[in-house]
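Right, one structure below, let's go through it.
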Amino acid sequence: MLSGFAGGVHPSENKETGECTIEVMPAPKKVYIPFSQHTGKPAIPLVKKGDDVKIGMKIGEADGLISASVHASISGKVIDIVDHPHPVIGSACSCIIESSDTEEWVKEVNAERDPASLTGKQLVDVIKEAGIVGLGGAAFPTHVKLSPPKEKRIDTLLINGCECEPVLTADHRLMLEHAATIIEGAKIFQRILDVQNLIFAIEDNKKDAVATFKQEGVSVAELKTKYPQGAEKQLIKAILKREVPRGGLPMDVGCVVHNVGTCHAALIAAKYGRPLIDRVVTVAGDGVKESKNVLVRIGTPVKSVIDFCNGYVSQPERVILGGPMMGIAQYSDDVPVIKGTSGILIWNNARISEEGPCVRCAACVDACPMGLMPTEICGFVKNKNIDMANAYGVLDCIECGCCAYECPAAIPLVHYFKYGKSEIWRRSKK
Ligand code: SF4
Ligand code: SF4
């Protein structure tokens, strides 16, 4: 069993939806599709108010190298293009589509073809056209990750099925219900990158998924359950014993990492020409009547997904998109599910403690998987000493939340680190 990285924490897993098979949510009456759902520049709108659209139609074109296209997830009419609440950046230009209830697809989509008939370059183009981004949460455009510079020699492709965030089970279910599709998608990535080594990384709290993938005859690294085992740098350290340098990327140590959901989406695009119009989301928490894993159209408002899960237990106290460790608290359930939304968590009895003074216990230092000194960095950010925060490596912080999880003073450390990073970027832009 591999564990292999320093730091990390062991929060309660609470993966009660692990047994819940994926349910397909019917198309909602309206979707709110942001042009920015990914790392990089927002897509450029291709439609205007009043246009008719069909499912799979490209409505936003990737702008530049690091960007991703977006597509209509229902058929109907564009009723507005306007700023709308966004789960990550607060508000973003979004295409609002009202359903025609006809569920019509654009005609080029859904015609089956053999991905083996396409070259590596054609497959990268297909994946780019389909607007596929990393579905593990970071939403980095997949076609960029599949096009490393020539001087970077890649020898290993890791497929990340760790799903180390507590509560979330969307990837787990996908691995159990669609293993063959994931493997086929991973082999497409393997062909594009021309690598020998293909390894599926799965935590040992998903024994059934480990067994399923082993039965399929692929190489599986079974990893000890520890958060954040699924973070790229920690995964590479645990499996390959390679250290991604400070400020570096997995490709600097000959490795590329993709999430299992991304492999699934890529195969669907390569085989059927289907763009990314939906994703699996875990809906859970004590504030929702029925916890489920749901296949949701991109752009569906969170409140519609909750309705599909029989509604709220009562007025929700906290709505979080993502997992409990790295997820983002929302002010409104009007926000839509976007490509990077892995979970919708509704909490009614969340323990929210008052921030106290640092007691210098160093629990945060022991927990940090990046070897940082969270308490020192936090002090620098609080005192607006951004240069020192930078010197102490705030940009290396992966925002995993281990430090804040362990902090007995309930200091929202990640909040300070996000602010420190944004200040560094703001100054560098200047
Ligand atoms: S959030 Fe940042 S500082 Fe805190 S434990 Fe994670 S990597 Fe370390
Ligand atoms: S865990 Fe919290 S209280 Fe302890 S040293 Fe770190 S910041 Fe201070």
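Things to note:
- Hey, residue 319 in contact with a helix residue (DSSP H, G or I) (Cβ under 9 Å, 6 or more places away or on another chain) and either in a helix (DSSP H, G or I) or surrounded by fewer than 19 Cβ atoms within 10 Å (Cβ to Cβ) (or both) or not: no
- Per-region count, segment 203-212, residues among the small types (Gly, Ala, Ser) and crowded, with 22+ Cβ neighbours inside 10 Å: 1
- Screening 3, 94, 75 for residues that are at pLDDT 95 or above, away from ligand 2 (no atom under 16 Å from the Cβ) and over 22 Å from the mean Cα position of the chain (by Cα) leaves exactly one candidate, 75.
- For segment 382-427, filtered to residues that are of a type in the set (A, V, I, L, M, F, W, C), crowded, with 17+ Cβ neighbours inside 10 Å and not in a helix (DSSP H, G or I), the residue that is farthest from ligand 1 (Cβ to nearest atom) is 409.
- Once segment 100-114 is narrowed to residues that are modelled with pLDDT under 90 and farther than 15 Å from residue 129 by Cβ, the residue that is surrounded by the fewest Cβ atoms within 10 Å (Cβ to Cβ) is 112.
- Residue check for residue 311: crowded, with 22+ Cβ neighbours inside 10 Å, at positive phi and at pLDDT 95 or above: no
- Looking only at residues in segment 338-364 that are touching a residue at least 24 places away in the same chain (Cβ under 8 Å) and within 13 Å of ligand 1 (Cβ to nearest atom), the one that is nearest to residue 132 (Cα to Cα) is 364.
- Reported count of residues in segment 224-247, each being within 20 Å of the chain's Cα centre (by Cα) and within 21 Å of residue 156 (Cα to Cα), is 9.
- Residue that is polar (S, T, N, Q) and surrounded by fewer than 24 Cβ atoms within 10 Å (Cβ to Cβ), where the choices are 229, 215: 215
- Matching residues in segment 351-372 - criterion: being surrounded by fewer than 16 Cβ atoms within 10 Å (Cβ to Cβ) and either within 19 Å of residue 5 (Cβ to Cβ) or more than 9 Å from ligand 2 (Cβ to nearest atom) (or both): 351, 352, 353, 354, 355, 362, 366, 371
- Out of 379, 371, 323, sole residue that is free of Cβ contacts under 8 Å to residues at least 40 places away in the same chain and within 16 Å of ligand 1 (Cβ to nearest atom): 379
The values are calculated or read from the model by the stated rules, or taken from the named source; none is laboratory data. Quick caveat, the model's predicted, so the values are computed rather than measured. With ideal geometry, Cβ positions are generated from the backbone for all residues, glycine too; neighbour counts draw on all protein chains shown.
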